[in-house]
1. Restricting the search to the range 63-83, which residues are part of a strand (DSSP E or B) and either under 30 Å from T95 (Cβ atoms) or in contact (Cβ under 8 Å) with a residue 40 or more places away in the chain (or both)?
2. Before we move on, is G60 in contact with a Phe, Trp or Tyr (Cβ under 9 Å, 6 or more places away or on another chain), in a loop (DSSP other than H, G, I, E, B) and surrounded by fewer than 16 Cβ atoms within 10 Å (Cβ to Cβ)?
3. Given the condition within 15 Å of the chain's Cα centre (by Cα), assigned to a strand (DSSP E or B) and modelled with pLDDT under 95, answer yes or no: does some residue in the range 85-98 qualify?
4. For residues that are of a type in the set (S, T, Y) and modelled with pLDDT of 95 or more, scanning just the range 11-57, find the one that is surrounded by the fewest Cβ atoms within 10 Å (Cβ to Cβ).
Amino acid sequence: MTRLRILILAAAALSSIPAFAAPLCTTGNLGAASYGASGFSCQIGDNIFSGFGFSAIGTGNALTAANVTVTPEFTAQGLGFQFSGNFTATGTGTTARSFTDTITYTVNAPVTSLTPWFLAATTKVNGGAVANGGTYTATKNVYSDAARTQVIDAVPSVTNATAQTQSSAIAGAPVITMYIRDSISLRSNSASVTATAGFQSVENLFATPEPGSMALFGSGLIGVGLVLRRRRKA
């Protein structure tokens, strides 16, 4: 009976260890040879990220997917990525510039003995600057469907006139799979070459409960130790 209890506790501990179904996320870019590659996926903790896409709209918008650096993050606010690039629009002297850059991807938490549910989303802009009427906006929408029609969370937009970090609870949380769209709007609002708007990077973070899988793993090992200790005393 004691052996059975030990086996059950050990199995519970081992079942809580994250199964690494994808390679760990590392620094790369949104280009076709990196995060933008067909079938690409990577993992942070228990969570798998895939389906990365990028588009740049606007006459004179020279930003490409390969120019957007992707850096995985695991902070007190959650896990996710920092996207860095030349997010800037400046008047040409004869024409005002208006650019829209869009980043899309999928977030999935594998169903394990402890599912790391997503509870909140955060958008943070770093290095924002505007001059002579320029404006920028970074908006993140979280969807429940791959077609991105069913919004479950719209994080308040970060603009040049707001706080540079915005967060909100994900409606209907806990959720397991989310489809993300980041829309970045950059406007010079003037033809002047001194009219500019932009920022260095935008962070996407997703809050989950405390890393319970590791806690369960630890408690399982503690339980095994207690049983063995009692057995020795007996």
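The values are calculated or read from the model by the stated rules, or taken from the named source; none is laboratory data. Because the structure is predicted, anything quoted here is derived from the model rather than measured. Positions of Cβ are backbone-derived with ideal geometry, glycine not excepted, and every protein chain shown enters the neighbour counts.
1. Filtering the range 63-83 down to residues part of a strand (DSSP E or B) leaves 69-75, 78-83.
Hits for the range 63-83 are T69, V70, T71, P72, E73, T75, G78, L79, G80, F81, Q82, F83.
2. On the way: in contact with a Phe, Trp or Tyr (Cβ under 9 Å, 6 or more places away or on another chain): yes; in a loop (DSSP other than H, G, I, E, B): yes; surrounded by fewer than 16 Cβ atoms within 10 Å (Cβ to Cβ): yes.
In short, yes.
3. Kept after step one, since they are within 15 Å of the chain's Cα centre (by Cα), are these residues of the range 85-98: none.
Checked the range 85-98: no residue is within 15 Å of the chain's Cα centre (by Cα), assigned to a strand (DSSP E or B) and modelled with pLDDT under 95.
4. From the range 11-57, those of a type in the set (S, T, Y) are 15-16, 26-27, 34-35, 38, 41, 50, 55; that's our starting set.
Narrowing the set further to residues that are modelled with pLDDT of 95 or more leaves 26-27, 34-35, 38, 41, 50, 55.
Values: T26: 11, T27: 13, S34: 18, Y35: 29, S38: 6, S41: 18, S50: 15, S55: 13.
Residue satisfying both the conditions and the ranking: S38.
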